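Just so it is clear, none of the values below were taken in a lab; they were calculated from the coordinates. Just so it is clear, the structure is predicted and the values come from calculations on it, not from any experiment. Here the Cβ is made from the backbone with ideal geometry for all residues, glycine too, and neighbour counts use every protein chain on show.
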Amino acid sequence: MTDLPQTMFAAILKHNGYSGTATGPAIENAADWLEGAEVPTPEPGPGQVLIRLRAASVNPSDLHFIKGEYGQPRVKGSPAGFEGCGDVVAAGKGAEALQGQRVAFVAAGSGAWAEYVVTQMQMCIPLRPDISDDDGAAQIVNPMTAMAMVDMAKADGDAFVVSAATSQLGKLMCSLGRDLGLKPIALVRRAETTGMLKDLGAAEVLVTTDEDVVAKFADLSAQLKPRVFLDAVTDQLSEQLFCAMPNRARWISYGKLSTEAPTLTQTGQLIFMSKRIEGFWLTNWMMSTPPADQMRVVAEVQARFADGRWKTDVSEHLRLKNLVPNLADALKKSDGKVIITP
Ligand SMILES: NC(=O)c1ccc[n+]([C@@H]2O[C@H](COP(=O)([O-])OP(=O)(O)OC[C@H]3O[C@@H](n4cnc5c(N)ncnc54)[C@H](OP(=O)(O)O)[C@@H]3O)[C@@H](O)[C@H]2O)c1
């Protein structure tokens, strides 16, 4: 650590714990939740590495988290940000194998929106040289979730439903579904995105603002019999679509892009049609999936990015020092990820 700076710049959390609210992943002003500050450079403990940041992504989970609405509590003064890529510049005992490597990582000690990040070595994936830093910064959270969830869909028939299909994750799942010979049924808010999603791999695209969307979905559902609904929106329309799915259908909620709290209107379907409502969280998948299976998924993810089958659409690059004043405006663009660079 001798040649490393004692302090670093980071976007740090202004609040502790949970907020008790459920206002969704939208912000008007990042300064309500974050501030830029010079803080001590973290030191890696046993099994940990120190990473010099190359690029970090901004995911909806980061926004839920900084607002105190995510599945883990905030620690005031800690850098925010879950995911990124960078170079391992110091390693604690047992983590020396990663020294000097460029890795994608999920932050597990000190957040990714900082010049330096500490995390567990198990939360790092060495990157192939043919993967760009932008792709490296979004290599774990969405791609691994896409692989895990499409795998669940594949085990349950050949058509599946994807909401918020224009999201980065939705696009990954539509193209993966097509490549596996499945029929993704994509739900979007904006009609103008229909062609793009069909090109990517959606077999059908329905626009959720269409007043006949439930009837159109019911027709498709009778025809294609999707049994898995991968849902990042989880609102009342989701519930209506779930009710229009066939017996044994599974509504898998993995995101809460809408702030609407859905009401269950046909609980009899859970009893008489064996339908199920479930959640998916990548953190649990990583803790419960054997390392060898995870390594296979990692290799497939990197191969897909390296050969161009998958890519990270980037709407804007923001320098870390400019993040807090500019993040809210940058997030208004709907066509890709905001990527943070040091
Ligand atoms: N559970 C897990 O383990 C896990 C892991 C990864 C991601 N996720 C979740 O997956 C979802 C997508 O993540 P991402 O990084 O791919 O997102 P993203 O690329 O940032 O895209 C989000 C998109 O969703 C659409 N959207 C936003 N609010 C919406 C609403 N109320 N109703 C319908 N659509 C809405 C918007 O597209 P348009 O403007 O085009 O409609 C927006 O661009 C998020 O909910 C995230 O939290 C969960």
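Just a few scattered comments:
- Trypsin sites (Lys or Arg not before Pro) restricted to DSSP loop in the stretch 30-75 with at most 12 other C-beta within 10 Å: none
- The helix-only estimate of mean residue ellipticity at 222 nm for the chain, built from DSSP H runs of length n ≥ 4 each weighted as -39500 (n - 2.57), is -8500 deg cm²/dmol after division by the residue total.
- Computed lengthening from Glu43 to Ala108, 0.36 nm per intervening residue step minus Cα-Cα distance: 22.1 nm
- Note on Thr283 and Gln266: their simple-model spin labels are 3.4 nm apart, each label 7 Å out from Cα toward Cβ.
- Shown here for the stretch 237-320: chymotrypsin sites (Phe, Trp or Tyr not before Pro) in loop regions (DSSP other than H, G, I, E, B) with at most 14 other Cβ atoms within 10 Å, namely Trp281.
- A convex hull fitted around the alpha carbon atoms of the stretch 216-301 yields 131 Å³ per residue.
- When both the stretch 139-208 and the stretch 296-311 are represented by their alpha-carbon centers, they are found 16 Å apart.
- Arg128-Arg248 pseudo-label distance in nm [points 7 Å out on the Cα-to-Cβ vector]: 3.6
- Taking the chain as a Gaussian network of alpha-carbon nodes connected by springs under 10 Å, the highest mean-square fluctuation of the residues Gln72, Gln294, Gln120 belongs to Gln72.
- The slack in the chain from Ser274 to Asp307, taken as 0.36 nm per residue of separation less the alpha-carbon distance, amounts to 7.8 nm.
- For q = 0.11, 0.14 Å⁻¹, Debye-computed log10 I/I(0) when each Cα of the stretch 52-198 counts as one equal scatterer: -0.51, -0.77
- Selection of trypsin sites (Lys or Arg not before Pro), the stretch 107-192, meeting DSSP coil and at most 15 other Cβ within 10 Å: Arg189, Arg190
- Couplings for the stretch 182-189, taken from phi via the Karplus curve 6.51 cos²θ - 1.76 cosθ + 1.60 with θ = phi - 60°, read 9, 10, x, 9, 9, 10, 10, 8 Hz in order; Gly and Pro are left as x.
- Springs between Cα atoms under 10 Å define the GNM used for the chain, and in it the highest mean-square fluctuation of Lys256, Lys93, Lys14 occurs at Lys93.
- Too-long pairs where the Cα-Cα distance tops 32 Å, listed order kept, from Lys14/Lys275; Lys198/Lys337; Lys67/Lys198; Lys93/Lys332; Lys171/Lys321: Lys14/Lys275; Lys67/Lys198; Lys93/Lys332
- Of Ser78, Ser163, Ser315, the one that fluctuates the most in a GNM where the chain has Cα springs shorter than 10 Å: Ser315
- Amide H contacts under 5 Å for Thr41, placed H, 5+ residues apart: Thr7, Met8
- Span per principal axis, largest first, for the Cα atoms of the chain (Å): 65, 40, 37
- The length gained on full extension between Gln72 and Met295, counted as 0.36 nm times the residue separation minus their Cα-Cα distance, comes to 77.7 nm.
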